[in-house]
Amino acid sequence: MSERIHPIASLLAAIARGISGVQVQWAGCEPDDRQRIYFANHTSHLDFVVLWSALPSELRAVTRPIAAKDYWEETPLRRYLAENVFHAVLLERGSLAKAKSSDETHFVGRHLIEDMASALGDKNSLILFPEGTRGTGEKIAPFRSGLYHLALRRPDAELVPAYLENLNRILPKGEVLPVPMLSLLTFGKPIQVAPGEEKDIFLERAREAVSSLRRIGPA
Amino acid sequence: MFEALRDPKLVWLFGGVLSLLVISSVIGNILRNRQKPGASRTTIDNLNARIRAWWKMCAIFTAAILVGRVGSLILFAIISFLAMREYMTLVPTRRGDHRTLFWSFFVIMPLQYYLIGIQWYGFFAIMIPVLAFVFVPTSIAIAGDTEHFLERAAKIQFGIMVCAYCLSHAPALLLLKIPGFEGQDARLLLYLVIVDQMSDVLQYVWGKLIGKHKIAWRVSPNKTWEGFLGGVLSATALGTALWWATPFTPLESAGLSFTICILGFCGGLVMSAIKRDIGIKDFGVVIEGHGGILDRMDSLCFAAPIFFHLVRYYFVP
């Protein structure tokens with residue numbers, strides 16, 4: 001993958017920033033060139049672009065989104081945006097559910113984690129939305145297990161929680177036209193999987209780490 | 001462009017604003033240097049931050065007026081957009097309002113300014129109070145979510161009224177054809193903005209200097225009777241003294257600037273009450289840097305339309 005930022009990516013990032021009027025706060029860490037996995041709540045198509053645009057440009061060049069293959073390969077435009085513009089790591093979201101036996105589930109799961117780990121490589125960072133799909137913004141859905149397995153597979157990468165606020169009102173799921181309200185993005189303190197920590201406990205803690213960054217509205 | 005500079009009275013107004021800025025910067029610096037180290041600096045730092053912001057705002061406003069009618073229109077359209085953005089961010093809307101909000105931002109608000117641009121007074125005057133009034137609740141009803149329906153429709157309509165309709169009356173002054181005042185209407189807009197904003201500033205200054213008795217402490221704890229009376233009277237005096245720049249006699253100018261000051265106060269009070277209601281105080285801190293347009297323009301919201309109609313009624317045949 002190239003380290004140059006596609007001009008369309010820069011353009012879309014500028015548009016997303018303009019529409020969302022996003023105010024960025026690094027509350028628990030600073031921008032850093034170490035390898036990271038940013039994980040955030042997901043309510044809008046703008047989420048990834050806004051989060052990505054909040055990074056300094058040298059970090060943007062090496063930060064790739066994880067996205068659902070079924071959705072982003074559906075039309076040529078989506079595929080072009082995902083593959084050529086943002087260098088997304090496309091994963092088969094439905095493949096786990098389709099697995100017939102527990103052995104197969106295990107196999108498919110391993111495969112997805114390997115894909116993500118190799119996308120990290122030795123210099124990239126990833127942006128991940130562990131809810132797996134866009135929500136309404138009222139509350140954060142339980143996290144899928146990929147974050148846990150990836151964290152175990154690549155303990156060297158820092159896990160940075162982030163909360164995107166109000167983007168569900170700017171461009172909610174199912175709408176094409178945005179309403180230019182103001183939004184907030186808060187990066188929190190990195191977390192780690194504790195030694196021997198169970199999957200569900202870690203995932204709930206990670207979800208807590210994201211939701212605790214909420215600055216306005218009901219907790 | 002820059003035709004405005006050929007109007008000596010306008011140049012005098014700009015000169016006056018510039019001298020005020022210089023004087024206040026000097027005072028701000030003196031106050032900062034006279035401070036004892038370690039003393040609480042918040043009020044004076046806040047004062048200096050305000051003065052710096054005033055320099056920027058005056059520069060932008062001057063540039064817009066120099067560009068001419070279109071410049072003022074575009075500037076106020078941008079102010080309306082930013083004000084509406086703050087307002088709608090803070091007001092709780094629901095998913096079902098999305099398309100109504102899209103129309104408010106991208107059709108209703110620009111159309112209001114376009115109507116001033118093409119000088120269609122009749123449509124300008126009724127578009128938001130009549131057409132948008134019908135459109136907003138209807139489009140929300142079509143979206144189908146009836147939860148808090150009346151509240152949502154009312155809040156959105158109020159936002160469009162304040163941010164687009166009311167504020168657009170300031171540049172709409174350029175529409176008015178006052179006999180003997182042709183081609184000088186930029187001064188009328190400047191007069192409104194100077195008196196209105198100086199009334200705010202002077203109320204703040206008088207309040208800080210001798211303010212004691214609270215007016216409406218529940219709504220706005222910083223407003224005092226001393227600040228209100230001192231500010232309104234001194235800004236009225238200033239407005240009266242600016243009669244030479246307007247089509248008014250000194251007495252008319254006194255009456256109109258007094259009206260602007262009182263309405264400016266009313267606008268500020270109402271917007272404070274709204275902020276209390278939606279508990280924005282905290283939100284205001286969070287969006288610092290982005291926010292504040294609505295706070296700055298709150299006094300103009302009520303003053304602009306009423307000043308516009310007074311001038312139109314009494315001075316346009």
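The values are calculated or read from the model by the stated rules, or taken from the named source; none is laboratory data. Quick caveat: nothing in here was measured; it's all calculated off a predicted structure. So basically every Cβ, Gly included, is an ideal-geometry build from the backbone, and we count neighbours across all protein chains shown.
Mind listing whichever residues of the stretch B:175-214 are surrounded by fewer than 21 Cβ atoms within 10 Å (Cβ to Cβ) and of a type in the set (K, R)?
B:K177, B:K208, B:K212, B:K214
Suppose we keep only residues that are touching a residue at least 40 places away in the same chain (Cβ under 8 Å) and charged (D, E, K, R) within the stretch A:184-203. Which one would you say is nearest to A:G146 (Cα to Cα)? Explain how you work it out, then say what you get.
Residues of the stretch A:184-203 that are touching a residue at least 40 places away in the same chain (Cβ under 8 Å), as a first pass: A:184-190, A:192-193, A:199, A:202-203.
Okay, now just the ones that are also charged (D, E, K, R), so A:189, A:199.
Details: A:K189: 20, A:K199: 10 Å.
Within the stretch A:184-203, the match that is nearest to A:G146 (Cα to Cα) is A:K199.
Would you mind finding the one in B:I27, B:I74 that is touching a Leu at 6+ places or on another chain (Cβ under 9 Å), in a helix (DSSP H, G or I) and not assigned by TED's automatic domain parsing to the domain that holds B:A304? So that I can check it myself, show each step before the final result.
Numbers: B:I74 fails: touching a Leu at 6+ places or on another chain (Cβ under 9 Å).
When all the criteria are applied, what remains is B:I27.
So, A:P31, is that one away from chain B (no Cβ under 14 Å), without any contact (Cβ under 8 Å) to a residue 40 or more places away in the chain and surrounded by 12 or more Cβ atoms within 10 Å (Cβ to Cβ) or not?
Values: away from chain B (no Cβ under 14 Å): yes; without any contact (Cβ under 8 Å) to a residue 40 or more places away in the chain: yes; surrounded by 12 or more Cβ atoms within 10 Å (Cβ to Cβ): yes.
The answer is yes for A:P31.
List pairs: first residue in the stretch B:32-45 and in the same structural domain as B:L209 (by TED's automatic domain parsing) and closer than 20 Å to B:V205 by Cα, second residue modelled with pLDDT under 65 and of a type outside the set (D, E) anywhere in the structure, Cβ distance under 8 angstrom, at least six positions apart or on different chains.
Note: no pairs meet the criteria.
Please verify whether B:T138 is more than 27 Å from B:L66 (Cα to Cα), among the β-branched types (V, I, T), more than 23 Å from the chain's Cα centre (by Cα) and at pLDDT below 95, treating the condition exactly as stated.
On the way: more than 27 Å from B:L66 (Cα to Cα): yes; among the β-branched types (V, I, T): yes; more than 23 Å from the chain's Cα centre (by Cα): yes; at pLDDT below 95: no.
Criteria not met by B:T138.
Looking at B:T138, B:T146 in this structure, which one is assigned to a helix (DSSP H, G or I), loosely packed, with under 14 Cβ neighbours inside 10 Å and hydroxyl-bearing (S, T, Y)? I'd like the intermediate steps shown before the answer.
On the way: B:T146 fails: assigned to a helix (DSSP H, G or I).
Of B:T138, B:T146, the one residue that is assigned to a helix (DSSP H, G or I), loosely packed, with under 14 Cβ neighbours inside 10 Å and hydroxyl-bearing (S, T, Y) is B:T138.
Just checking, which of B:L176, B:L192 is among the hydrophobic types (A, V, I, L, M, F, W, C) and not assigned by TED's automatic domain parsing to the domain that holds B:R312? Full working, then the answer.
Numbers: B:L192 fails: not assigned by TED's automatic domain parsing to the domain that holds B:R312.
Exactly one residue qualifies, and that residue is B:L176.
So, B:P92, is that one of a type outside the set (A, V, I, L, M, F, W, C), under 16 Å from B:R152 (Cα atoms) and within 14 Å of another protein chain (Cβ to nearest Cβ) or not?
Details: of a type outside the set (A, V, I, L, M, F, W, C): yes; under 16 Å from B:R152 (Cα atoms): yes; within 14 Å of another protein chain (Cβ to nearest Cβ): yes.
Considered against the rule, which asks whether it is of a type outside the set (A, V, I, L, M, F, W, C), under 16 Å from B:R152 (Cα atoms) and within 14 Å of another protein chain (Cβ to nearest Cβ), B:P92 comes out as yes.
Quick one: which strands (runs of 3 or more DSSP E) lie wholly within the stretch A:78-186 and hold at least 3 residues that are out of contact with any Pro (no Cβ under 8 Å at 6 or more places or on another chain) and surrounded by 19 or more Cβ atoms within 10 Å (Cβ to Cβ)?
Fully inside the stretch A:78-186 and qualifying: A:158-165.
Filter the stretch B:184-203 for residues that are out of contact with any Gly (no Cβ under 7 Å at 6 or more places or on another chain) and farther than 19 Å from B:F76 by Cα and give the result. Working first, answer last.
Restricting attention to the stretch B:184-203, the residues satisfying the condition of being out of contact with any Gly (no Cβ under 7 Å at 6 or more places or on another chain) are B:184-194, B:197-198, B:201.
Selection gives B:V201 alone.
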